[in-house]
Each structure stands twice: as structure tokens, then as C-alpha cells.
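Worksheet for the structure shown next.
The values are calculated or read from the model by the stated rules, or taken from the named source; none is laboratory data. Quantities reported herein were computed from a predicted structural model and do not represent experimental measurements. Quick reminder, even Gly has a Cβ in these numbers, built from the backbone with ideal geometry, and neighbours come from all protein chains shown.
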Amino acid sequence: MTLVLKTSEKAIAEAANIMASGGVVAFPTETVYGIGADATKRDAVEKVFAAKKRPHDNPLIVTVSNAEMASRFAKLDWRAEKLIENFWPGSLTMILPLIDQDILPDNVTAGLLTAAFRNPKNDVTRHLITLLNNPIVGPSANLSTKPSSTTAEHVLHDMDGRIDAVIDDGPTEIGVESTIVDLSVKQATILRPGAVTADQVSSVLGEKVIDPTGPISLAANIAPKAPGMKYRHYAPSKAVVIFNQTDLKDLKQQLKKNDAVVALEDSLNQLKLDRRHSWSLGETADSATEELFSALRFFDDQKDIQTIYVESLPSEGIGEAYMNRLEKSAGGQHFGL
Ligand code: TXA
Ligand code: MG
């Protein structure tokens, strides 16, 4: 049984104690929930891989509560300093060169000479890390390949009995994982789009970052930076198909009783579906991003649903992160193609 903890001082101290003795606790962040263990304890980290069924060639994020904690493990250059000043705590994860290859257990780094550092904008989790006085690993709290968890209920759905505890801090704000920027290379490079955009990073650095994940890129030809990035991602067991607003008429004609539609409120109104077969993404790119994984998880659990049609959004601002996750969930399947 997995213990469900609240966000009281007492509960946070209990979570820190569980981690100090090598246990595994799922924690809230502003993006998605993570699965935590003391990042300096190899055996504790091993339990995170087991709980997630995560392949070992996929390295983990190291979650810290301030820049000083990151500097105990990694070299921070002027770019890291500037980005920290502007975006921490917040949804920007930085790949940094390690001070020494053995400064973190090899299951955290997958044997690389770099690691990913993140300082989440969530007071409960940052307090927990401060109490532990060590960074915690923080992969998303889902079974490997499944959509990330944006509520404690999602975490329990995948992890009940597999981890020691989860801290329930309600639904996450953003809904998709942090932006990852690689600073271990000469020209800063975006490895995963998130709420902090490539343009924002470029403007703070005063130089253009490479964005191979962007809408107009040859992303498919770029070798994954971390070996594990090649794996299937964010995928429910049902078929996911992407549709555009211009497909609405055709979609309406073709829908069958085993289909579900995930779309903006306006589009749903045009389709006139019953609520059991539809999930509203609200009215904005922000609300859509917040809802995406909940919607996929909901219909994945509905036995009678076979295909989930999900509306595409313009790939700009947070929409770039939304489309990146949606394309991966759908394995590139588009309506009418
Ligand atoms: O928002 C987030 O970042 C969430 C919350 C829980 O903090 N965490 C998260 O972790 O998304 P995860 O493990 O699901 O995704 C981390 C990604 C993986 O794709 C991994 O391959 C990549 O970061 N990564 C980790 N270390 C790396 C490294 N040294 N070089 C390149 N990529 C790395
Ligand atoms: Mg993940």
C-alpha cells in the first residue's frame, strides 16, 4: 500500500524521513508529478527504475531546491547563472557538465558526463528537498511510456503498492514536463519543449538557442542526446489520432460509438457529443496543455473506447509543448491521412 500524505509540515517531514532511509515518494511540481528518491543513494534510485519499469539507459532529472545545491554536483557557466536567475524556481531543466563523473550514482546519469538539473516551482517539494539536504531524482510519476501524472490519483493509478508514499498537492498547474535545455554544448540546445519557450531562453542568453524540437525542424534526423529519449512516450494503449479544426465536419460524420473526442470547448459544441465520449480542453492553449494527459488517461481506462481523437493547436508558445506530447502520443497519426 502506498501512503497518501498531505502537505502539512508534519507530512513533509515524514516524506523526508522516508527518503532519508532510502524510500521512494512521489512529489508534486508545477509541471507534472515526479517520483523521488535521494539522488545520492544508488539503491534508492534503483527502486525508482523498478517502480516505473524504466530502462536503465534513460538518465534521471536531479531535482534541487536552489542553485547552490546544483553547484555541489555540476559546473555552472554564465549561461546557467543567467537562466537560473530568470527561470528558477520554474519549468526549465538544464543539462550541465558534472564536476566529476562519480559525483552521482551511475544509474542517475546512465554513465553520461552530464546530468539534468531542475528546481521546481512548488514550495512543498522544495521544502522537502531542503529538509533532506540532498537532491532527489525526479522522473515523471507514470509507468514508462504512459502519459505523465498531473494528479495524485494518476500517480496512485500507476504506482499504488509500487512506491512508499505520494504527497497530494492537487492538480499540477502546467500539465506537461519542463523544458530541457542542453548547456553541455557550445550552442545551447532545446531537447524538450515546455512552458519556458526557446525564444524566452534565447532572449535571456542574448544568443539564439538551437531548437531541433521546434515546428519547422528536421527533428526526426537528430540523434537522441540521452539514449533513453528514443523510447515511445505519453502513449495510452488506445489509438490516438490528431485532427485539425478544418476536419470537424468530416470527423462529425465519421464518428462511431467507440470513439472519443478531446477538443477545445468551441469544437466540442460543433460536434454535439455526449459528455461520456468527449473531454473539453477548455478555451486556451494553457488549459488544453493542463488537460491533455488527464484526458488521455481517462479514455484509456474506458473499456468501450477504441480511438481517441485529439484536437491540434498552433505550435507556438505553450502550444509547441502541447503538440510535441500529442504527436508522440499519437505516434504521428493524423485524421484523414
Ligand atoms: O517537469 C519535469 O521535468 C518532470 C517533473 C517531475 O520534474 N520530470 C520529468 O522527468 O519529466 P523524466 O525523467 O520523465 O524526463 C527527463 C528527460 C528524459 O527524457 C531523459 O532522457 C532526459 O530528461 N535526460 C536526463 N538526463 C539527461 C542528460 N544528461 N542528457 C540528456 N537528456 C537527459
Ligand atoms: Mg517521463
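For the stretch 51-100, the tally of residues that are of a type outside the set (D, E), away from ligand 2 (no atom under 16 Å from the Cβ) and in a helix (DSSP H, G or I) stands at 12.
So that you can scan it fast, the table gives a plain yes or no per residue for (1) in contact with a helix residue (DSSP H, G or I) (Cβ under 9 Å, 6 or more places away or on another chain); (2) polar (S, T, N, Q); (3) surrounded by fewer than 17 Cβ atoms within 10 Å (Cβ to Cβ):
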site: I242; (1), (2), (3): yes, no, no
site: D247; (1), (2), (3): no, no, no
site: N269; (1), (2), (3): no, yes, yes
site: R276; (1), (2), (3): no, no, yes
site: S280; (1), (2), (3): yes, yes, no
site: L292; (1), (2), (3): yes, no, no
site: L313; (1), (2), (3): yes, no, no
site: M323; (1), (2), (3): no, no, no
site: G331; (1), (2), (3): no, no, yes
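Residue count for the stretch 133-158, restricted to those that are surrounded by fewer than 23 Cβ atoms within 10 Å (Cβ to Cβ), hydrophobic (A, V, I, L, M, F, W, C) and either under 15 Å from A37 (Cβ atoms) or within 12 Å of ligand 1 (Cβ to nearest atom) (or both): 1.
Taken over the stretch 141-185, residues that are assigned to a loop (DSSP other than H, G, I, E, B) and more than 16 Å from ligand 2 (Cβ to nearest atom) amount to 11. Among the residues of the stretch 307-324, are any under 17 Å from I174 (Cα atoms), part of a helix (DSSP H, G or I) and acidic (D, E)? Yes. Out of all the residues in the stretch 288-297, is one or more in a helix (DSSP H, G or I) and modelled with pLDDT under 95? Checking the stretch 288-297: not a single residue is in a helix (DSSP H, G or I) and modelled with pLDDT under 95.
When the stretch 29-40 is limited to residues that are surrounded by 19 or more Cβ atoms within 10 Å (Cβ to Cβ) and not β-branched (V, I, T), the one that is nearest to ligand 1 (Cβ to nearest atom) turns out to be G34. Among the residues making up the stretch 101-111, a single one is among the charged types (D, E, K, R) and either closer than 30 Å to E173 by Cα or in a loop (DSSP other than H, G, I, E, B) (or both): D102. Filtering the stretch 21-49 to residues that are in contact (Cβ under 8 Å) with a residue 60 or more places away in the chain, part of a helix (DSSP H, G or I) and under 19 Å from the mean Cα position of the chain (by Cα) leaves V45, V48.
Considering only residues that are acidic (D, E) and more than 23 Å from D160 (Cα to Cα), look in the stretch 42-70 and name the one that is nearest to ligand 1 (Cβ to nearest atom).
Our first condition is that a residue be acidic (D, E); within the stretch 42-70, this holds for 43, 46, 57, 68.
Then keep just the ones that are more than 23 Å from D160 (Cα to Cα); that gives 57, 68.
Values: D57: 9, E68: 19 Å.
So the residue we want is D57.
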